[in-house]
Amino acid sequence: MHRSHHNESTESGSHLLVFAGAGVSAESGLGTFRGPGGLWEEFRPEELATPEAFARDPGRVWRWYAERFSRMREALPNAAHLEIARWQGLFASVVVVTQNIDRLHQRAGSRDVLELHGDLWTARCNRCRREIDMPSAIDLVPGGGPPKCACGGLLRPGVVWFGESLPELVFARAVAEARRAEILVAVGTSATVYPAAGLIELAAANGAQVIEVNREPTPLSRLAHRVLREPAGEALPRLTAELLAYGAE
Ligand code: BV8
Ligand code: ZN
């Protein structure tokens, strides 16, 4: 990154990696997985976000995701998503590695987003793996589900369930980015789901400055050089100046 003098203080050569979890979308009205009011208070993850649950009761799993999708498509990016998108003009590179499936980072303007756990805007055939967009899939079986593919297989949400491996290329790219990150901002994640959470440890082991933005402590708070114990929508806009100061050293 060429450092021109006039905007030295507003540009940084740093490689910034944002590691995002459900807490980033909380202020957009979408439930988190754990913690107060979490999605999984009434349901348990093992019950619904697994291939076994889908095999046992495809209708129940499909309806849970269709219900979540209807809220996602109404949701708007919040100040946290928007600030992360704004960082793109200020750092040499900004890569968003997200566990979220709501695509709010992209709708806020983030261009380099790695979705470790897939996305809920896509449905995929359980048999031939053909993909169609979720709105069309839901329209095939209003209120019911899951829809059937032309090949006779069942359509499922395009997300990674527990026990399923992460998309290989996406994860390999996320590992490479975690290795080279100079700053890692872990925001809105309980850092309890692996191998995703391992990326924070990898970045720290490779010398990244780790900043945790979360309303409560997490198992990886110990790795953070800096902790902001507040909602992401309030913390991130205030964090920008500090991030730029890191890069200016
Ligand atoms: C795999 C998509 C094997 C679907 C999801 C023991 C040790 C290590 C691993 C395991 C183990 N036992 C089991 C495993 C494997 C398992 C795992 O890690 N389990 C955990 C529970 C222990 N992992 C897997 O199964 C993964 N696959 O390992 O495959 C394999 C390997 C090779 C070959 C074949 C197979 C797949 C995991 C992916 C599961 N899919 N989601 C869906 O969305 O329905 S996981 C799910 O949890 C979401 O993706 C979610 O994002 C993710 C993590 O949760 P968070 O994003 O962190 O959200 P959470 O609610 O937990 O936390 C929110 C945080 O935000 C809180 O801290 C809260 O305080 C904070 N917050 C709230 N509001 C705000 C806020 N912060 C700031 N501002 C706010 N306003
Ligand atoms: Zn099919």
Subject >> Sequence-separation-based contact order of the range 112-155, relative, with Cα cut under 8 Å and 6+ spacing, percent >> reply: 34
Original post:
What list of ³J(HN,Hα) couplings, whole Hz, do you get for the range 235-244 from phi and the Karplus terms 6.51, -1.76, 1.60, once you set θ to phi - 60° and write x for glycine and proline?
Top reply: 6, 5, x, 7, 7, 4, 4, 5, 4, 5
**OP:** Kindly write out, for the range 13-26 in residue order, the coupling ³J(HN,Hα) from the Karplus curve 6.51 cos²θ - 1.76 cosθ + 1.60 (θ = phi - 60°), rounded to whole Hz, with x marking Gly and Pro.
**Re:** x, 6, 8, 9, 10, 9, 10, 10, x, 4, x, 5, 9, 4
Original post:
Treating the beta-carbon of each Lys and Arg as +1 and of each Asp and Glu as -1, no other charges, what is the dipole magnitude of the range 121-249 about its Cα centre, to the nearest 20 debye?
Top reply: 480
Original post:
Under a 5 Å amide H to amide H cut-off, with H placed in plane at 1.01 Å, what residues pair with residue 209 once short-range neighbours are removed?
Top reply: 183, 184
**OP:** Return the distance in nm (one decimal) between the two label points of a simple spin-label model at residue 93 and residue 205, each offset 7 Å from Cα along Cα→Cβ.
**Re:** 2.0
Original post:
Label residue 230 and residue 165 with points 7 Å out from Cα along Cα→Cβ: what is the distance between them in nm?
Top reply: 4.3
Subject >> Student exercise, the chain dipole from Lys, Arg, Asp, Glu Cβ charges, in Debye to nearest 20 >> reply: 560
**OP:** Heavy atoms only, probe 1.4 Å: what % of the accessible area of the range 125-183 goes to carbon and sulfur, would you let me know?
**Re:** 54
Original post:
So what is the relative contact order for the chain, in percent, with contacts set as C-alpha pairs under 8 Å and at least six apart?
Top reply: 25
Subject >> Whole-Å semi-axes of the ellipsoid equivalent to the chain (Cα gyration tensor, √5λ, descending) >> reply: 34, 18, 17
**OP:** Two decimals is fine: what is log10 I(q)/I(0) at q = 0.15 Å⁻¹ for the range 101-249, from a Debye sum with one equal scatterer on every Cα and no solvent?
**Re:** -0.88
Subject >> GNM top mover of 121, 87, 64 - the chain, alpha-carbon springs below 10 Å >> reply: 64
Original post:
Under the definition of Cα pairs under 8 Å and six or more residues apart, what whole-number percent is the relative contact order of the range 12-133?
Top reply: 29
Original post:
Among 178, 143, 220, whose Cα sits farthest toward the positive end of the charge dipole of the range 107-248 (+1 at Cβ of Lys/Arg, -1 at Cβ of Asp/Glu, about the Cα centre)?
Top reply: 143
Subject >> Qualifying GluC sites (Glu not before Pro) for the range 153-183 [loop in DSSP, other Cβ within 10 Å: at most 14] >> reply: 164
Original post:
So what does residue 165 come to for accessible area, using a 1.4 Å probe and Å² rounded to 10?
Top reply: 100
Original post:
Averaged per residue, what accessible area in Å² does the chain show with a 1.4 Å probe, protein chains only?
Top reply: 46
Original post:
Measuring from label point to label point, each 7 Å out along Cα→Cβ, what is the residue 70 to residue 128 span in nm?
Top reply: 3.0
**OP:** Starting at the first residue of the range 79-85, write each ³J(HN,Hα) from the Karplus equation 6.51 cos²θ - 1.76 cosθ + 1.60 with θ = phi - 60°, in whole Hz, x for Gly and Pro.
**Re:** 4, 5, 4, 5, 5, 4, 5
Subject >> Calculated [θ] (222 nm, deg cm²/dmol) that DSSP helices of n ≥ 4 give over the chain, each run adding -39,500 (n - 2.57) >> reply: -10000 deg cm²/dmol
Subject >> Amide H partners (placed H, <5 Å) of residue 121, local residues excluded >> reply: none
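The values are calculated or read from the model by the stated rules, or taken from the named source; none is laboratory data. What you are looking at is a predicted structure, and each value in this text was computed from that prediction instead of being measured. Cβ: placed from backbone, ideal geometry, glycine included. Neighbour counts: every protein chain shown. To get the accessible areas, we keep the full protein, side chains included, count just its heavy atoms, and leave off ligands, DNA and RNA. Shrake-Rupley method; radii C 1.70, N 1.55, O 1.52, S 1.80 Å.
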